[in-house]
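Peer 1: The structure's right below; bear with me while I get my questions together.
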Amino acid sequence: MKRLLFPLLLLVITGINAQVLSAGAAGDVRADDQAADEEEFRALDQQVQSLKKEVLDLNRELFLLEEDLLFPANSQVAMFVSLDVGTFFDVESVSLELNGKEVAHYLYTEREAEALRRGGVHRIHVSNLKVGEHELVAFFSGKGPHGRDYRRGADVMFDKGIGAKYMELQISDREHKQQPGFLITEWE
Amino acid sequence: MAGRKFLAAAAALLLPAAAVAEQGPVTVEDPHYGEVLFHFYQRDYFTALVHLTAAEERGRVAGHAAEAELLRGGLYLSYGQHDEASLIFERLLADSGDPSIRDRTWFFLAKIRFQRGYFRDAELALAEIRDALPEELEAERRMLAAQVLMRQERYAEAIDSLADWRGSGNWLAYARYNLGVALVRSGRLEEGAALLDRVGRMAADSEELLSLRDKANVALGYSYLQDEQPEASRPVLERVRLAGPFSNKALLGTGWADSAGAQFERALVPWLELRSRDLLDPAVQESLLAVPYAYGRLGANARAAEHYVDAIDAFEDESDRIDRAIERIRRGEMIDALLAADSGGEMGWYWQLEELPTTTENRYLLHLLASHEFQEALKNYRDLRFLQRNLLDWKDSVGVFSHMLETRRLAYASRLPRVEQALADADLDAIDQRRREFESRLNRIVQERDTLALATPREHGLWQEVQALSANPALEADLPAARDAAARLRLMRGVLAWELDKNFKARVWRQRKNLRDLERALAEGRRSRQNVEQARVEGPETLDGFQSRIDALTPRLDTLLARLADLAERQEAYLRRISVRELEAQKERMATYTVQARFALASIYDRAAQLRENP
């Protein structure tokens with residue numbers, strides 16, 4: 001009996017010990033298997049990395065192709081929404097009318113609103129416009145301090161020349177303290 | 001966009017929230033850069049990266065060149081492309097940049113390299129850190145440095161690296177534990193025990209630290225048992241809490257310590273306690289053998305035999321359960337279940353499984369699932385699946401693009417003849433010739449002050465009539481009626497002439513305006529004709545250009561989709577294989593236990609038979 005149980009005891013202890021002592025790797029798997037795993041993982045990881053790079057490059061080219069095709073530089077107009085408010089303002093929605101026609105009505109999720117607060121800029125609308133004068137009417141709604149509801153609008157005539165036109169609609173309280181409103185900036 | 005305030009993107013990206021120091025306000029010069037940040041802040045790193053590289057290619061983020069580059073590096077890191085990220089950081093941070101951001105960047109680079117098993121590269125990144133990091137990160141850096149050395153089995157250097165550390169308690173405790181274990185495993189019990197003992201005695205006020213303390217005591221207790229020092233082992237194991245993740249192992253070990261001192265009755269107390277606990281725990285499984293062993297040593301053979309039989313049943317049941325788990329894994333159900341619990345965001349290094357589905361196989365694989373090897377491989381697999389979906393979406397879009405081009409081609413072909421006809425009908429040169437003639441006529445009229453030339457048809461008619469009447473010879477008659485009529489005619493002529501003269505200036509102005517309008521219209525017409533001419537030449541060229549871009553991208557799309565599918569399959573096979581192997585090792589353990597139990601049982605029966613034969 002003693003002869004029989006000694007290896008059992010050793011087995012039990014070393015088996016457990018390997019598990020208890022292993023800091024990060026699988027308990028019952030042998031060290032040489034683990035080394036082979038790591039080797040294989042790295043080989044796969046290298047392939048994943050290089051494939052990811054190729055997919056990223058392709059995505060960039062497809063993205064540019066789509067833009068060139070749908071919104072050629074000559075006629076492209078893009079509208080951006082940004083936020084610059086000192087006190088807390090929770091933007092809920094923004095809507096745009098271009099030449100009397102509604103072209104965008106966007107409801108912001110909490111995650112998107114947070115991205116705007118941190119300085120992100122949302123491309124809310126992109127389309128094609130002829131050279132000449134156009135009218136943009138924009139509205140935003142949201143909640144200000146003490147849960148107060150805000151709805152403000154702005155109306156601007158702008159000139160579209162040859163080449164892409166970018167307009168930024170910034171919701172800002174810089175002009176009127178505690179009163180968010182639109183500041184509109186144009187880029188050619 | 002002057003004055004917009006936001007955290008410096010790269011710093012925010014590279015540093016976890018707790019480590020982000022207040023950054024000064026940064027002005028966004030370009031909405032396209034802001035648009036990249038919009039995706040970035042929502043952790044849609046892949047979209048952010050695509051938009052950023054596209055904006056860079058189009059020169060739309062020129063106002064943010066340096067920052068955009070840093071952001072790109074950070075996004076590569078988030079996207080799991082640490083090699084690409086390293087290249088950017090090395091270039092950008094080698095000798096310039098904010099030193100604190102630079103050091104943090106190297107730290108996170110080292111961390112991701114370590115997690116992915118690139119220990120030597122991680123060490124190189126750590127060596128780039130020049131100044132001390134903020135306290136919390138500095139502690140983690142020291143631990144990381146020690147881990148990197150340990151994984152390369154450079155224990156002496158690891159010990160040295162921790163020797164003079166006076167940093168924050170938590171990280172130091174982890175580092176000591178890891179190093180202690182590494183030393184024991186490499187046969188340097190005394191040095192390892194000293195470190196484990198410090199962790200095992202530390203004051204702990206959180207569950208995390210209490211758990212680490214227990215873990216250290218269990219590791220130390222078993223190390224003493226293995227080294228045949230049961231008397232040293234027992235007090236260490238008794239330091240472990242009775243209810244906690246390590247209590248089963250501690251109870252088992254305590255029993256072995258007693259049993260090694262031949263105190264079998266005492267050993268039975270912790271071992272019997274284990275019988276009521278979860279059989280998944282290897283310590284509980286082993287107690288099933290330990291209990292009859294103790295009974296056997298105490299001479300209670302019948303009871304020992306009973307327990308061995310129960311143990312064999314339990315091991316066989318467990319082995320069957322493991323078999324079923326292996327089957328599920330082989331059918332690919334485990335990885336599917338793991339990813340089904342995923343919230344489905346984009347991808348990247350920061351992602352980790354939020355909740356572990358409670359399937360049978362996961363209960364056996366907790367240890368493996370928590371390992372870097374498994375987690376990182378799972379991330380890669382998840383990323384590959386995401387990219388497959390992304391390219392499949394593009395494949396649909398490209399189909400639409402081709403269709404759109406075809407429609408444009410048809411529209412062009414049908415409109416062109418009509419436009420050409422309209423242009424042919426409108427002889428712009430002839431119109432211009434007439435305009436010039438009219439202009440010189442107008443000039444003459446002005447010069448000669450020919451007011452009649454600009455008269456309305458009615459005025460013209462009246463004038464003609466007055467003229468005709470004035471020529472009537474009857475007016476020459478020496479009669480009062482004739483004299484009266486002649487005087488009236490003169491008056492009418494005078495009034496008409498005065499009217500014409502009065503309106504002359506306004507009429508000239510109107511004609512000049514008409515001329516100018518005509519001139520503008522002509523210019524517009526010429527421009528349109530030019531545009532049409534240009535479109536006639538370039539239209540097909542532009543369409544062909546798009547078509548050839550599509551033609552070039554389509555095979556790349558197909559090839560990459562095939563390669564993604566292949567690599568995803570291999571990545572999944574890898575995950576399956578390491579999982580199955582882990583389970584098979586557990587099954588092997590069950591089999592060994594069963595053999596041991598049967599062998600022990602047989603010798604009990606043998607002895608009983610011998611006793612019956614030779615009482």
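Quick note: the coordinates plus some simple rules give every number you see, no bench work behind them. Predicted model only: the values in this text are computed from it and were never measured. FYI the Cβ positions are ideal-geometry reconstructions off the backbone, even for glycines, and counts take in every protein chain you see.
Peer 1: Within segment B:244-262, find all residues whose amide N lies under 12 Å from a label point positioned 7 Å from the Cα of B:Glu231 along Cα-to-beta-carbon.
Peer 2: B:261
Peer 1: Counting only C-alpha contacts under 8 Å and six or more residues apart, can you give the relative contact order of segment B:65-178 as a whole percent?
Peer 2: Computed value for segment B:65-178: 17 percent relative contact order.
Peer 1: When Rg is the radius of gyration of the Cα atoms in segment B:506-615 and Rh is its Kirkwood radius, what does Rg/Rh come to?
Peer 2: 1.88
Peer 1: If you line up the long axis of helix B:457-470 against the longest principal axis of chain B, both from Cα atoms, how many degrees apart are they, to the nearest 10?
Peer 2: So the inclination is approximately 0 degrees.
Peer 1: By how many degrees, 0 to 90 and rounded to 10, does the Cα axis of helix B:372-425 deviate from the longest principal axis of chain B?
Peer 2: Once rounded, the angle reads 10 degrees.
Peer 1: I'd like the mean, over residues of A:63-72, of how many other protein chain beta carbons sit within 10 Å of each residue's own Cβ.
Peer 2: Average per residue, whole number: 5.
Peer 1: If I model a spin label at B:Ala340 and A:Arg123 as a point 7 Å from the Cα along the Cα→Cβ vector, what separation in nanometres do I get?
Peer 2: Calculated label separation equals 3.7 nm.
Peer 1: Taking the Cβ of B:Glu524 as the center, what net charge do the other residues with Cβ under 14 Å away carry, scoring Lys and Arg +1 and Asp and Glu -1?
Peer 2: +4
Peer 1: Per the Debye formula with a single identical scatterer at each Cα and no solvent contribution, what log10 I(q)/I(0) holds for segment B:179-271 at q = 0.18 Å⁻¹?
Peer 2: -0.74
Peer 1: Right, here's the next one. Listed here are the pairs A:Lys53/B:Lys379; A:Lys101/A:Lys160; A:Lys160/B:Lys395; A:Lys53/B:Lys111; A:Lys52/B:Lys111; A:Lys130/B:Lys505; which of them are more than 28 Å apart at the Cα?
Peer 2: Distance filter (> 28 Å) returns A:Lys160/B:Lys395; A:Lys130/B:Lys505.
Peer 1: Okay, moving on. Take the Cα pairs of segment A:72-187, get the Kirkwood Rh, then feed it into Stokes-Einstein at 4 °C and 1.567 mPa s and tell me D in µm²/s.
Peer 2: 89 µm²/s
Peer 1: Please give the charge dipole size of segment A:31-70, origin at the Cα centre, charges +1 on K and R Cβ atoms and -1 on D and E Cβ atoms. Round to the nearest 20 debye.
Peer 2: So the dipole magnitude of segment A:31-70 works out to roughly 220 debye.
Peer 1: Also: Lys and Arg at +1, Asp and Glu at -1: add these up for the other residues within a Cβ distance under 15 Å of B:Ala506 and post the number.
Peer 2: +4
Peer 1: While we're here: Using only Cα atoms and rounding to the nearest 10 degrees, what angle (0 to 90) does helix B:247-260 make with the longest principal axis of chain B?
Peer 2: Once rounded, one gets 20 degrees.
Peer 1: Work out the FRET efficiency for B:Glu90 and B:Glu208 from their Cβ-Cβ distance, taking R0 = 41 Å, and round it to the nearest 0.05.
Peer 2: Efficiency, rounded to the nearest 0.05: 0.70.
Peer 1: Order of B:606-612, B:538-544 by packing, highest average Cβ count within 10 Å first?
Peer 2: Result, highest mean first: B:538-544, B:606-612.
Peer 1: Suppose the Debye formula is applied to equal point scatterers at every Cα of chain B; what is log10 I(q)/I(0) at q = 0.06, 0.12 Å⁻¹?
Peer 2: Debye curve over Cα of chain B, log10 I(q)/I(0) at q = 0.06, 0.12 Å⁻¹: -0.59, -1.32.
Peer 1: Let me ask you something else. In nm, to one decimal, how far is the modelled label at B:Arg563 from the one at B:Ala163, with both set 7 Å along Cα→Cβ?
Peer 2: 4.9 nm
Peer 1: Residue separation times 0.36 nm, minus the C-alpha to C-alpha distance between B:Leu272 and B:Asp313: what's the value?
Peer 2: So the chain would gain 13.0 nm between B:Leu272 and B:Asp313.
Peer 1: Follow-up. Normalised by the residues of segment B:395-613, what does the relative contact order come to in percent, with Cα pairs under 8 Å and at least six apart?
Peer 2: 30 percent
Peer 1: By how many nm would the segment from B:Arg458 to B:Glu57 lengthen if fully extended, with 0.36 nm per residue of separation less the alpha-carbon distance?
Peer 2: In short, 137.5 nm is gained.
Peer 1: From the alpha carbon gyration tensor of the protein assembly as shown, can you work out the equivalent ellipsoid semi-axes (sqrt of 5 times each eigenvalue) and give them in Å, largest to smallest?
Peer 2: 90, 28, 22
Peer 1: What nm distance separates the two modelled labels at B:Arg493 and B:Val419, each placed 7 Å from Cα along Cα→Cβ?
Peer 2: With each label placed 7 Å out from Cα toward Cβ, I get 6.0 nm.
Peer 1: Report the convex hull volume per residue for segment A:31-70, counting only C-alpha atoms, in Å³.
Peer 2: 35 Å³
Peer 1: Apply 1/(1 + (r/R0)^6) to the Cβ-Cβ distance of A:Asp33 and B:Ala156, taking R0 = 22 Å, and write down the FRET efficiency to the nearest 0.05.
Peer 2: Calculated transfer efficiency: 0.20.
Peer 1: Okay, moving on. In debye to the nearest 20, how big a dipole does the protein assembly as shown give about its Cα centre with +1 on each Lys and Arg Cβ and -1 on each Asp and Glu Cβ?
Peer 2: 1680 debye
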